[in-house]
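Accompanying notes for the structure given below.
Coordinate-derived values only; no laboratory data. None of these values were measured; they are calculated from a predicted model. When we count neighbours, we look across all protein chains shown, and the Cβ atoms used for this are built from the backbone with ideal geometry, even at glycine.
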Amino acid sequence: MVEKRALGRSGLCVPPVVFGGNVFGWTVDEKASFALLDACLDHGLDAIDTADSYSHWAEGNSGGESEAIIGNWLKANPGKRDKVLIFTKVGSTAGGVKRGLSAKWIAQGIEDSLRRLQTDHIDLYFAHKPDPDTPFAETLEAFDRLKRAGKIRAVGASNLDAGQLAESLDVAKTHGLQRYDVLQPEYNLYDRQGFEGPLRELVVREEIGVITYFSLASGFLTGKYRTHLDITASRRERFLGKYMTPRGARILEAVGEVSERTGAPPAEVAIAWLIAQGGVTAPIASATSIEQLESLANAATLKLSREDIVTLDTASGEE
């Protein structure tokens, strides 16, 4: 079994890799999703991340499909709810409807998610995106009520910058409210600037857990996509275009070099680099096959040398 890590002050302990459920109901159907969820537990990857809006971007979907599949799996496996941590989110846009982080919407959103997930509580509930129309005090008070009611165990926020996170912490302290104890930022070998610097310094100082999303840069860091022709044949075209740059090519070359030295596939190298970064508790990564999931489990135990880290840091440094 993989070693667990404390997720900041949240009271939760997670494996070094969190499984991303954004693929459920999109690139993976329900039957394959069940197999992946079973395999997650078999490999010690017992934390699953999803959102109420997943996977609204797929043709025919409106959001909630991922949660519904996880809920059906929990119903089919009643003994497994206590063996898995469920993370989900509220406040994004789905089906053309902007939801936001008002107290009214959070109160409705939690009930919708609990119904789809077929559970009585969510282990970690995230504010998905900043809502400029709702004060932090209103949002945090709504989360505080949910926690006191036992409907959620911990509260997190995704996509906040250092200023926004600092403001939210000040509001929580001033009003005696539940603060954000976990942050979910975009962070990977290509996208470094948003997390490194003031935001990382703040989460370390405040003992806030960090689970990163787009940890494999939408699959770019697997090495499968090296040209624009590669991505036009993929359902991930809308996500991958920004990585097709000279810097992106250098990063893939460095990942390939470390892959050769370690004998680990590029995706495992990229995940292991994240696990080794200061302030990071666990990256989120998805898989669409059992083989890919087993690779995520391998990444959770891969230790990179100092030479490997320097190689990757140098290649991925900002121009």
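With both labels modelled 7 Å from their Cα along Cα-to-Cβ, the ASP313 to ALA35 distance reads 4.1 nm. If both residues of a DSSP beta bridge must be in the range 1-154, then about 25% of such bridges are antiparallel.
On full extension, the segment bounded by LYS242 and ARG115 gains 42.0 nm, given 0.36 nm per residue less the C-alpha separation. Between 0 and 90 degrees, the angle of helix 65-76 with respect to the longest Cα principal axis of the chain falls at about 80 degrees. Counted by neighbouring Cβ atoms within 10 Å, the residues CYS13, CYS40 run from fewest to most as CYS13, CYS40.
Electrostatic bookkeeping for LYS173 treats Lys and Arg as +1 and Asp and Glu as -1; over the other residues with beta carbon under 12 Å from its beta carbon, the sum is -2. Spherically averaged projected area of the convex hull of Cα atoms, the chain: 15.5 nm². Here the label points at GLN193 and ARG250, each 7 Å from Cα along the C-beta direction, are separated by 1.4 nm in the simple model. A simple count of charges around ALA157, restricted to other residues whose Cβ falls under 10 Å of its Cβ and scoring Lys, Arg +1 and Asp, Glu -1, yields +2.
Entry note, the chain: relative contact order of 19 percent, from Cα contacts under 8 Å with a spacing of 6+ residues. Against the longest alpha carbon principal axis of the chain, how many degrees, from 0 to 90 and to the nearest 10, is the axis of helix 306-316 turned? Here the helix axis deviates by roughly 80 degrees. In terms of surrounding Cβ atoms within a 10 Å radius of their Cβ, ASP161, ASP170, ASP144 rank from fewest to most as ASP170, ASP161, ASP144. How many percent of DSSP beta bridges within the chain run antiparallel, rounded to 5? Antiparallel: roughly 15 percent of the beta bridges in the chain. For the chain, the Cβ-based charge dipole about the Cα centre amounts to some 540 debye (Lys, Arg positive; Asp, Glu negative; other atoms uncharged). With both labels modelled 7 Å from their Cα along Cα-to-Cβ, the LYS173 to ALA6 distance reads 2.0 nm. With N counted as the residues of the range 1-149, its alpha-carbon radius of gyration over 2.2 N^0.38 Å works out to 1.03.
The spacing between the range 61-113 and the range 292-313, judged by their C-alpha centroids, is 31 Å.
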